[in-house]
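The values are calculated or read from the model by the stated rules, or taken from the named source; none is laboratory data. Only a predicted model underlies this, so the values are computations on that prediction, with no experimental measurement involved. Because the Cβ atoms are built from the backbone with ideal geometry, glycine has one as well, and the counts that use them run over all protein chains shown.
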Amino acid sequence: MATRIDMPQLGLTMEQGTILQWLKAEGEQVTKGQPVVLIQTEKVEYEVEAPAAGTLLKVVAQAGEELPVGGLMGILGQPGEDVSALLAASAAEPRAAGPAPSKDKHEPRATSQEPGAGTPRQPGERIKISPVAKKLAQEHGIDLATLTGTGPEGRIVREDVERGIAGKSRELRAGSREGAEPDIIPLSGIRKAIFDRMGQSWREAAQVTLFADADMTEVVRLRQAQGAEWERRFGIKPSYSDLIHMAVARALREAPRINCRLDGPGVRIRKEVNLAFAIDLGEGLVAAVIKNADKKSLGDLAKEAQALAERARSGRLAPDDVADGTFTVTNLGGLGVESFTPIINPPQAGILGIGRIMEKPVVLGGAIHIRSMMALSLVFDHRLIDGAPAAKFLAKVKELLEQPAWIQ
């Protein structure tokens, strides 16, 4: 009996996904649980596994096509099996608006190849790429399918992407001479998700921002004094972001009112502290989630955050890595930003912006002292949270950072 391969729902907010690449070709045998197609959601790339053993009888949705959740991507069955009924039913299903499928999407183009640069991939062959090369390609909008890998086993490396960037620049210059439109970043994938969700958040949530300056002097001293010991104990030296994450997770546990979401006609206070933190992917952000962050040690928090960031930047995040966050921290301090007002990531009710740590003159006891200060900006949905509990939460975060003796 024929079996459908449908677009899965990876998270409560997912409505559609994009076919990136078929990992198996029509007529090829597959076993149950074997990856058959690579898709992209608003947050992650995901390998969809075969729901049953059999032959891939029909690829219904081609690479580049967008489908709603539940849409038919392909059909498994026995050789010669009649699948016309499934195809007819699929034709009546709604299709997601999106770019038309391209038959040569995964065929290498001359602009990214040079004589002897590598072996072109075959249709259906999975794209192998180094994390550095993938990040560079994302930053410059390079289609991986247009590149030929020169690394081991055809792996795409940084030099291959740089050739692709050079080829794209030549195309753009030629297009400009012919009166073509300037380069446009398409609203698809992560960019489309950010466009939709941030717009929804801004329109619907009554967003209020509270500001505070945290004196990070003692945290700086603690990290300088304990950094080597932490690295020996944990195998990793926790960053300032890790220390902030730990303080925020503890504050959410001690002042849980802000750890909530809209749930039907009421406000649900979440018992779990699932801390999301923003990761820059070059073109777009993703919020990875540390589950039960308030119950983890500093070493475990640091290692999990590092692992999530590495998976995000290499395109290997799993759906569970970005699911069920209850509160988000976003840190632009490393980019030199002093303070900012982030936008709430729905359905969460709050987000904390972190600025850079700066030495500033501060009056203490009637005298001026140089202290390491950091701006905090708490944005919360005033429909769900009143100002007083939001202020108490922010005060708790500030207290925990200014008196960090509790951090072990």
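For the reader, a short list of remarks on this structure follows.
- Output for region 375-402, where each listed residue is surrounded by fewer than 18 Cβ atoms within 10 Å (Cβ to Cβ) and either in a helix (DSSP H, G or I) or outside the structural domain of residue 295 (by TED's automatic domain parsing) (or both): 387, 388, 389, 391, 392, 395, 399, 402
- The set of residues from region 269-308 being more than 26 Å from residue 232 (Cβ to Cβ) and part of a loop (DSSP other than H, G, I, E, B) comprises 270, 271, 272, 273, 274, 281, 282, 283, 284, 291.
- Among the residues of region 352-374, those that are surrounded by 15 or more Cβ atoms within 10 Å (Cβ to Cβ) and among the hydrophobic types (A, V, I, L, M, F, W, C) comprise 352, 354, 357, 358, 362, 373, 374.
- Residue in region 53-62 that is modelled with pLDDT under 85 and under 25 Å from the mean Cα position of the chain (by Cα) present: no
- Number of the exception - residue 262 against (1) among the hydrophobic types (A, V, I, L, M, F, W, C); (2) within 21 Å of residue 330 (Cα to Cα); (3) modelled with pLDDT under 95: (2)
- Residue 329 being buried (at least 20 other Cβ atoms within 10 Å of the Cβ), part of a strand (DSSP E or B) and modelled with pLDDT of 95 or more: yes
- Residues within region 290-335 that are under 24 Å from residue 406 (Cβ atoms) and of a type in the set (A, V, I, L, M, F, W, C), tallied: 8
- Summed over region 246-266, residues that are in a loop (DSSP other than H, G, I, E, B) and either out of contact with any strand residue (DSSP E or B) (no Cβ under 7 Å at 6 or more places or on another chain) or outside the structural domain of residue 389 (by TED's automatic domain parsing) (or both) total 3.
- Tally, over region 21-36, of residues that are farther than 14 Å from residue 3 by Cα and either hydroxyl-bearing (Ser, Thr, Tyr) or touching a His at 6+ places or on another chain (Cβ under 7 Å) (or both): 1
- Those residues of region 278-315 which are charged (D, E, K, R) and at pLDDT below 95, in sequence order: 280, 283, 310, 311, 313
- Answer residue from region 172-196, given it is of a type outside the set (A, V, I, L, M, F, W, C) and surrounded by 17 or more Cβ atoms within 10 Å (Cβ to Cβ) and is modelled with the highest pLDDT among those: 192
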